[in-house]
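Shown next, in structure tokens, is the structure this report addresses.
Computed from the coordinates by the stated procedures, all read-outs in this text should not be read as laboratory data. All values reported here derive from a predicted model rather than from experimental measurement. Cβ placement follows ideal geometry from the backbone for every residue including glycine, while neighbour counts extend to all protein chains displayed.
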Amino acid sequence: MLESRATVPTQRAERYARQLVCHLGRKCEVADDPAGQWVILPGGSARCLIAAGEDHLLLYARGAGAEDLTRVEAVVGGHLERFGQKDELHVTWVAQAAASW
């Protein structure tokens, strides 16, 4: 399992988290977690935990392999950057050690 993380500064983290989960939930499975909500891409081999902080949005991506991880990063990160164009949101993924969170 490969993992990465992105911390996106924003004063509207709750709004963006809701928007991402609602939008992606139309084509993906969504699962609640004490830390936020998981968006699970079709096939189940890639997922992203979306969690709103006070002044940032946390994204934790997991993929069964490099291709799966790249896909979930592109889907979630790309949507967030489009939704957050006015706020100039940018998603930068950082590789993580397995089970680091």
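Quick one: longest stretch of the chain between exposed loop trypsin sites (Lys or Arg not before Pro), exposed meaning at most 13 other C-beta atoms within 10 Å and loop per DSSP?
Between the exposed loop sites, the longest stretch runs 28-85.
With a point put 7 Å past each Cα toward its Cβ, work out how far residue 64 is from residue 82 in nm, to one decimal.
2.6
How high is the FRET efficiency from residue 96 to residue 22, r the C-beta distance, R0 25 Å, rounded to 0.05?
Approximately 0.45, to the nearest 0.05.
Which residue, chosen from 10, 79, 97, occupies the Cα position most advanced towards the positive end of the dipole of the chain, where the dipole is computed from +1 (Lys, Arg) and -1 (Asp, Glu) charges on Cβ about the Cα centre?
Towards the positive end, the residue furthest out is 79.
So what's the back-of-envelope 222 nm ellipticity for the chain, counting only DSSP H runs of four-plus at -39500 (n - 2.57) apiece and dividing by all residues, rounded to 500?
Rounded to the nearest 500, it is -9500 deg cm²/dmol.
Using only Cα atoms, find the angle between the long axis of helix 66-83 and the longest principal axis of the chain, and express it within 0 to 90 degrees, rounded to the nearest 10.
In the chain, helix 66-83 runs at an angle near 10 degrees to the longest axis.
By how many degrees, 0 to 90 and rounded to 10, does the Cα axis of helix 13-24 deviate from the longest principal axis of the chain?
So the inclination is approximately 50 degrees.
Report the local net charge at residue 30: Lys and Arg +1, Asp and Glu -1, summed over other residues whose C-beta lies under 13 Å from its C-beta.
Result for the neighbourhood of residue 30: +1.
Is there a quick way to get the dipole size of the chain? I mean about its Cα centre, with the Cβ of Lys and Arg at +1 and of Asp and Glu at -1; what is the value in debye to the nearest 20?
The calculation lands at about 280 debye.
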